[in-house]
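Visitor: Quick one: the structure is below, questions incoming.
Values quoted throughout were computed directly from the atomic coordinates according to the rules given, and no laboratory measurement underlies them. Given the structure is predicted, the values throughout are model-derived calculations rather than measurements. Here the Cβ positions follow ideal geometry from the backbone for every residue, glycine too, while neighbour counts run over all protein chains shown.
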Amino acid sequence: AHHFGSRPPGPLPAAAGPPDSAPPGGVGGAMADALKEISHHFLFEDSFTVKSVDNSRFERAGRLDCESSAFSNNLEVDVNNIVWPVVPGDQLYVGITTDVSPAENPRRLATAYDHDPRLLGRSIMDQFEYVMYGKVYKKDVKAKDNEAVVWASYGGLLMKLKSDAVQLQEMHVNDAIYLLMRKVRGPDGEAWR
């Protein structure tokens, strides 16, 4: 995984909660602008339900086993469960992209300082709760089954994504990618705020 400056590998803190976390009655000025949806190109995006969380391997990392809500996609990913606790039944929205720079600021990120909101401006990261930066280290494509599997490492936290080959066609070995996740609903079905 690539490291920015002296920043340790693993999750990057998101600058703010999702846009629907604004208090009732609205907000004005710059705050309202910061909470607007940001359009963004994702290499992959889907909604998943967490089937299980395996916390037996490491003290602070749990491996999530997630199943797509709409497609035959399967996601296994390690997360820091101290920073971002997840339980079976949680519904997650997941996006993968190569760049988090806003369209109005085409600056390419090169160091940890580039993630500073004062330099970056509004970012797609503002709409997610948990963000990791890493590298694709393996990809298998089974053409006859129209299936692909992508493996990535985010500073040692691993991801395995199994999907339709077309959905994963933009991801290649050695690509640097961001994994962005947010909770949509808890196990009780209540929407997250």
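Visitor: Just going by the charge dipole of segment 40-80, with Lys and Arg at +1 and Asp and Glu at -1 on Cβ, which of Phe48, Phe58, Val79 is farthest out on the positive end?
Guide: Farthest towards the positive end: Phe58.
Visitor: OK, next. If I model a spin label as a point 7 Å beyond the Cα along the Cα-Cβ vector, how far apart are those points for Phe58 and Ala165 in nm?
Guide: My value for the distance between the label points is 3.3 nm.
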